[in-house]
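Engineer: Take a look at this one; I'll ask things after.
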Amino acid sequence: MDTQSLIRGLSRDTAGAGRLDRRLAAGFALAAGLAALVFLVLLGPRPDIAEAAATLRFPFKFVVTLALAASAALAWRAAARPGTSLAPAAAALLAAPLLLAAGVIAELFTVPEGARMARLIGTNSTVCLTFIPLIGALPLAMLLAALRNGAPTRPTLAGALSGLAAGGLAATFYAAHCIDDSPLFVAVWYTLAIGMLTLAGALAGRLVLRW
């Protein structure tokens, strides 16, 4: 049987698709649990989280990171199944950057020009670039392992989506610790940190998701 015939056969296997969905859901749940565990062991929430929750900028971070985690998870799930279009999931992936862009624009309009650079640089950029990848490393491994239950036909892309989903999870938990709430900070440093996991996932997927 050639590769294309195998892909068509797998795409018609509805019973197998149900099993795959359950395994992927379990894998994502475990990835989220691992992210929570690593976060609590390494960092924990910021001391003033109750006060921060009453502001606008702090909850907005979670709107962006949860939108990313959810949309990346949908794309990751689709990538596991041969013959499944990634177009709807790819469209959903636009939600997080569009939300963040709106936040950045609002920040530029409300923050004096002289204070913008300080908001962008923040106080914990190095911590952000260190701990989002650390929190996301085990979830990335779990998401890649879960994909091996499926048959991703584009292993590099599937790996990148695993890294993006792991990055969304890691950033969501890290946001509870981070005291830099400006959308300017999130747009630069969170994006770079999540990009590291996405690149790592793409490289790993190319190696471990071949079939």
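Engineer: Step by step: first the residues of the range 110-126, then only those that are in contact (Cβ under 8 Å) with a residue 40 or more places away in the chain and part of a helix (DSSP H, G or I), then the one that is nearest to residue 169 (Cα to Cα). Which residue is that?
Structural biologist: 125
Engineer: Out of the range 19-35, which residues are of a type in the set (Gly, Ala, Ser), surrounded by 14 or more Cβ atoms within 10 Å (Cβ to Cβ) and touching a residue at least 60 places away in the same chain (Cβ under 8 Å)?
Structural biologist: 27, 31, 32, 35 - these are the residues of the range 19-35 that are of a type in the set (Gly, Ala, Ser), surrounded by 14 or more Cβ atoms within 10 Å (Cβ to Cβ) and touching a residue at least 60 places away in the same chain (Cβ under 8 Å).
Engineer: Here is a further query. Got at least one residue in the range 183-199 being farther than 24 Å from residue 122 by Cβ, in contact (Cβ under 8 Å) with a residue 12 or more places away in the chain and either assigned to a helix (DSSP H, G or I) or of a type in the set (Ser, Thr, Tyr) (or both)? Write out each step before concluding.
Structural biologist: Going through the range 183-199, the residues farther than 24 Å from residue 122 by Cβ turn out to be none.
The answer is no, given that none of the residues of the range 183-199 is farther than 24 Å from residue 122 by Cβ, in contact (Cβ under 8 Å) with a residue 12 or more places away in the chain and either assigned to a helix (DSSP H, G or I) or of a type in the set (Ser, Thr, Tyr) (or both).
Engineer: Identify all residues within the range 137-171 that are surrounded by fewer than 24 Cβ atoms within 10 Å (Cβ to Cβ), within 15 Å of residue 38 (Cβ to Cβ) and among the small types (Gly, Ala, Ser); write none if there are none.
Structural biologist: Within the range 137-171, 137, 141 qualify.
Engineer: Under 8 Å by Cβ, and 6 or more places apart or on different chains, what pairs join a residue from the range 48-67 that is closer than 18 Å to residue 105 by Cβ with one that is at pLDDT 95 or above and among the charged types (D, E, K, R)?
Structural biologist: Listed pairs, sorted by first residue: 57/181; 60/181; 61/181.
Engineer: To continue, here is another question. Quick one: which helices (runs of 4 or more DSSP H) sit completely within the range 1-109 and have at least 3 residues that are at pLDDT 95 or above and either within 15 Å of residue 165 (Cα to Cα) or out of contact with any Asp or Glu (no Cβ under 6 Å at 6 or more places or on another chain) (or both)?
Structural biologist: Values: elements: 3-11, 14-42, 49-53, 57-79, 87-92.
Here the list reads 14-42, 49-53, 57-79.
Engineer: Filter the range 160-211 for residues that are charged (D, E, K, R) and closer than 18 Å to residue 143 by Cα; which is farthest from the chain's Cα centre (by Cα)?
Structural biologist: 210
Engineer: For the structure I just gave you, tell me whether residue 90 is exposed (fewer than 15 other Cβ atoms within 10 Å of the Cβ) and free of Cβ contacts under 8 Å to residues at least 60 places away in the same chain.
Structural biologist: Numbers: exposed (fewer than 15 other Cβ atoms within 10 Å of the Cβ): yes; free of Cβ contacts under 8 Å to residues at least 60 places away in the same chain: yes.
Yes; evaluated as a whole, the condition is true for this residue.
Listed here are the residues, each with its yes/no results for (1) over 24 Å from residue 84 (Cα atoms); (2) of a type outside the set (Phe, Trp, Tyr); (3) modelled with pLDDT of 95 or more; (4) touching a Cys at 6+ places or on another chain (Cβ under 9 Å).
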site	(1), (2), (3), (4)
120	yes, yes, yes, no
129	yes, yes, yes, no
141	no, yes, yes, no
151	no, yes, no, no
166	no, yes, yes, no
170	yes, yes, yes, no
178	yes, yes, yes, yes
206	no, yes, no, no
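Engineer: Considering only residues of the range 41-87 that are charged (D, E, K, R) and within 15 Å of residue 168 (Cβ to Cβ), which is surrounded by the most Cβ atoms within 10 Å (Cβ to Cβ)?
Structural biologist: 61
Engineer: Report yes if residue 38 is under 16 Å from the mean Cα position of the chain (by Cα), crowded, with 19+ Cβ neighbours inside 10 Å and more than 23 Å from residue 95 (Cβ to Cβ), otherwise no.
Structural biologist: So residue 38 fits the description; yes.
Engineer: Now for a different question. Working only within the range 172-210, note down all residues that are surrounded by fewer than 22 Cβ atoms within 10 Å (Cβ to Cβ), under 17 Å from residue 34 (Cβ atoms) and either touching a Lys or Arg at 6+ places or on another chain (Cβ under 6 Å) or of a type outside the set (Gly, Ala, Ser) (or both).
Structural biologist: Hit for the range 172-210 is 177, nothing else.
The values are calculated or read from the model by the stated rules, or taken from the named source; none is laboratory data. Worth saying up front: this structure is predicted, and the values here are computed from it rather than measured. Please note: Cβ atoms are built from the backbone with ideal geometry, for glycine as well, and neighbour counts cover all protein chains shown.
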